[in-house]
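So the structure is just underneath, and the comments pick up after that.
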Amino acid sequence: VAAAKATLSQAPLSLSHCCSLCSVRMGLELYLDLLSQHCRTVYIFAKKNNIPFEFKHVELFKDSILGRKMPGGNNPGHSREGQHCREEFGKVNILKKVPALKDGVFTLAESTAILLYLSRKYNTPDHWYPSDIQKRARVDEYLSWHHTNIRTNAPKTLWIKVLIPLFTGQKLPPEKLQEVMDELAISLKQFEEKFLQDKPFIVGSEISLADLVAIVELMQPIGVGCDIFEDRPKLSEWRNRVEEAVGKELFQEAHEIILNIKELSNLQIDPQLKEHLAPVLRKMMK
Amino acid sequence: MVVELFLDLLSQPCRALFIFAKKNNIPFVFKHVELLKGHHHSEEFGKVNVLKKVPALKDGAFTLAESIAILLYLSRKFNTPDHWYPSDLQKRAQVDEYLSWQHATIREKGCKIFITKVLVPLAGQPFSPETLEEAVEELNSALKQFEEKFLQDKPFIVGNEISLADLVAIVELMQPVGCGCDIFENRPKLAEWRSRVEEAVGKELFQQAHELILNVKNLSTTQLPPELREHVKQFLKT
């Protein structure tokens with residue numbers, strides 16, 4: 001208790017929920033922007049499993065990058081973290097700043113870590129992260145592979161078709177998109193051959209975290225008109241099964257923003273942010 | 001049936017597995033897959049891992065790729081000491097957080113340095129100082145975040161004892177060191193953390209695992225025979 005009180009009293013006063021006088025834990029807060037695929041995974045998972053949380057809406061292009069609205073670290077030096085956010089974001093993929101979780105004074109980033117934390121804390125049904133060590137290993141295997149494959153390729157479609165033109169006022173040549181689509185095609189081939197094969201889901205007969213993480217990423221190109229399910233019947237059938245398992249209504253709700261390009265084009269971008277992202281964008285355009 | 005680990009100690013994730021298995025006295029058969037000789041393209045290895053990458057595990061009929069998945073599998077199957085992957089929810093989450101974050105940061109940038117400084121010249125292709133400079137700058141940025149967000153003033157990434165997070169981090173950071181980029185120089189906090197990790201792993205085991213990468217400069221001063229150069233070129237494409 002003494003240690004908890006000490007940690008609480010070190011928490012910055014700017015965190016309005018922190019109270020050093022009582023040890024009552026505040027509710028779970030999830031900092032999300034559903035434009036981000038990693039946020040959608042967390043959102044769907046929490047909703048599907050009836051995990052009570054406060055939805056802290058972070059508008060990626062307004063709040064998170066400029067250090068506003070984001071939770072501080074769970075260690076002393078919150079203002080340093082904010083400063084760090086403001087300095088570092090130009091060099092880091094901004095989509096990795098959300099989702100974030102805040103559970104009392106405990107804060108956590110990285111969607112994989114958040115999903116696993118929630119599954120353990122709220123004892124979600126076994127199929128999400130099976131207790132059988134070989135099935136569990138298959139989920140881990142996919143989650144790890146995903147980082148350096150689908151996760152590096154699929155989001156680029158959004159950048160090239162919508163975000164870069166939005167930020168810079170310049171459209172990119174069609175070869176750029178073709179390049180990305182070719183890379184993505186390779187990842188999709190590996191996905192179908194190694195991970196999906198002829199199974200209903202990635203790990204056997206029920207949906208797991210692996211399917212959830214995969215599907216939200218693949219909806220990113222869909223949102224910008226790159227229908228990667230067309231001409232891929234096996235993948236398409238898997239998508240239907242995943243939607244069904246999640247629940248069509250919840251799935252649609254989570255994907256409303258990304259599936260509405262018109263809204264995306266009306267995004268208000270903070271000019272300070274445009275400036276900060278300029279070097280990152282220039283690199284992506286090379 | 002003894003677990004088989006398909007490894008090349010030139011590869012960072014292979015070193016993490018090697019150290020973890022040895023440190024925890026996990027019995028395994030070391031199946032050497034020599035990357036620079038193109039062994040990972042063999043049909044035989046393709047049956048173990050269709051993605052043709054090391055490390056890979058074979059446990060009876062069960063095969064597994066991705067070092068993090070393998071580390072976690074071994075920790076569960078062999079019930080390794082708690083500190084490697086703490087059962088405390090929040091500590092465990094902090095390990096997960098690091099393991100997730102490092103893919104596109106420390107790992108990616110460390111690899112880039114190795115590729116630019118060692119592999120590209122080995123393949124007989126021109127060395128690009130600009131690419132190296134860019135890679136070093138990117139790694140510096142990642143290291144800053146590592147120190148500020150993950151290490152801070154703690155002895156290890158998650159509290160007082162070594163965990164999978166430290167192990168995965170240290171093997172990645174030894175890659176640039178092996179290439180002649182001493183990222184620990186002028187970073188006293190990082191250097192102290194490295195000493196603690198080496199100590200926790202055991203200096204002998206640490207040295208054993210890193211012998212190949214720390215002598216990789218010898219590789220780069222010799223001209224590879226043409227067929228090996230082809231293999232390296234292939235490796236660069238994958």
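With the condition kept exactly as written, say whether any residue in the range A:198-209 is of a type outside the set (Asp, Glu) and touching an Asp or Glu at 6+ places or on another chain (Cβ under 6 Å).
Yes.
Among the helices (runs of 4 or more DSSP H) contained in the range A:114-230, which hold 2 or more residues that are of a type in the set (Gly, Ala, Ser) and out of contact with any strand residue (DSSP E or B) (no Cβ under 8 Å at 6 or more places or on another chain)?
A:174-190, A:209-223
When you go through B:Phe156, B:Phe127 one by one, which is the residue that is open to solvent by 10 Å² or more (accessible area, probe 1.4 Å) and either aliphatic (A, V, I, L, M) or closer than 24 Å to B:Pro188 by Cα (or both)?
B:Phe156
Among residues belonging to the range A:95-113 that are touching a strand residue (DSSP E or B) at 6+ places or on another chain (Cβ under 7 Å) and outside any strand (DSSP E or B), point out the one that is modelled with the highest pLDDT.
It comes out as A:Pro99.
If you go through the range B:151-205, how many residues are at positive phi and aliphatic (A, V, I, L, M)?
Selection size over the range B:151-205: 0.
Among the residues in the range B:136-159, are any of a type in the set (Phe, Trp, Tyr), within 28 Å of B:Asp59 (Cβ to Cβ) and modelled with pLDDT of 95 or more?
Among the residues of the range B:136-159, not one is of a type in the set (Phe, Trp, Tyr), within 28 Å of B:Asp59 (Cβ to Cβ) and modelled with pLDDT of 95 or more, which makes the answer no.
Looking only at the range B:74-96, how many residues end up being without any contact (Cβ under 8 Å) to a residue 12 or more places away in the chain and more than 30 Å from B:Gly60 (Cβ to Cβ)?
4
Which condition breaks for B:Gly180 when tested against (1) surrounded by fewer than 19 Cβ atoms within 10 Å (Cβ to Cβ); (2) in a helix (DSSP H, G or I); (3) within 17 Å of the chain's Cα centre (by Cα)?
For B:Gly180, the failing item is (2).
Restricting attention to the range B:109-135, report how many residues are away from chain A (no Cβ under 14 Å), touching a Leu at 6+ places or on another chain (Cβ under 6 Å) and within 25 Å of A:Glu110 (Cβ to Cβ).
Total satisfying the criteria: 0.
Residue by residue, here is whether (1) open to solvent by 20 Å² or more (accessible area, probe 1.4 Å); (2) within 8 Å of chain A (Cβ to nearest Cβ); (3) under 30 Å from B:Leu143 (Cβ atoms) holds:
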residue: B:Cys14; (1), (2), (3): no, no, yes
residue: B:Ala21; (1), (2), (3): no, no, yes
residue: B:Asn24; (1), (2), (3): yes, no, yes
residue: B:Leu72; (1), (2), (3): no, yes, yes
residue: B:Asn79; (1), (2), (3): yes, no, no
residue: B:His83; (1), (2), (3): yes, no, yes
residue: B:Glu97; (1), (2), (3): no, yes, yes
residue: B:Trp101; (1), (2), (3): yes, yes, yes
residue: B:Arg107; (1), (2), (3): yes, no, yes
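Can you name the helices (runs of 4 or more DSSP H) wholly within the range B:18-118 that have at least 1 residues being closer than 17 Å to B:Ala169 by Cα and of a type in the set (S, T, N, Q)?
Qualifying helices (runs of 4 or more DSSP H): B:67-77, B:89-101.
Six or more apart or on different chains, Cβ under 8 Å: which pairs go from a residue in the range A:175-194 that's more than 14 Å from chain B (Cβ to nearest Cβ) and closer than 17 Å to A:Met219 by Cα to one that's among the hydroxyl-bearing types (Ser, Thr, Tyr) and surrounded by 13 or more Cβ atoms within 10 Å (Cβ to Cβ)? Could you list them?
Taking only residues 6 or more apart or on different chains, the pairs are A:Leu177/A:Thr157; A:Val180/A:Thr157; A:Met181/A:Thr157; A:Leu184/A:Thr157.
Does B:Glu138 fit the bill of being more than 9 Å from chain A (Cβ to nearest Cβ), acidic (Asp, Glu) and under 20 Å from the mean Cα position of the chain (by Cα)?
No: the conditions fail for B:Glu138.
Considering each residue of the range A:105-120, count those that are under 14 Å from A:Leu32 (Cβ atoms) and facing chain B (nearest Cβ under 7 Å), and give that number.
Here the count works out to 3.
Somewhere in the range B:100-123, is a residue closer than 17 Å to A:Thr148 by Cβ, hydroxyl-bearing (Ser, Thr, Tyr) and not assigned by TED's automatic domain parsing to the domain that holds B:Ala16?
Yes, the range B:100-123 has at least one match.
The values are calculated or read from the model by the stated rules, or taken from the named source; none is laboratory data. Just so you know, these numbers come straight off a predicted model, no measurement behind them. Here the Cβ is made from the backbone with ideal geometry for all residues, glycine too, and neighbour counts use every protein chain on show. Protein only, heavy atoms only, side chains kept; ligands, DNA and RNA dropped before computing areas. Shrake-Rupley method; radii C 1.70, N 1.55, O 1.52, S 1.80 Å.
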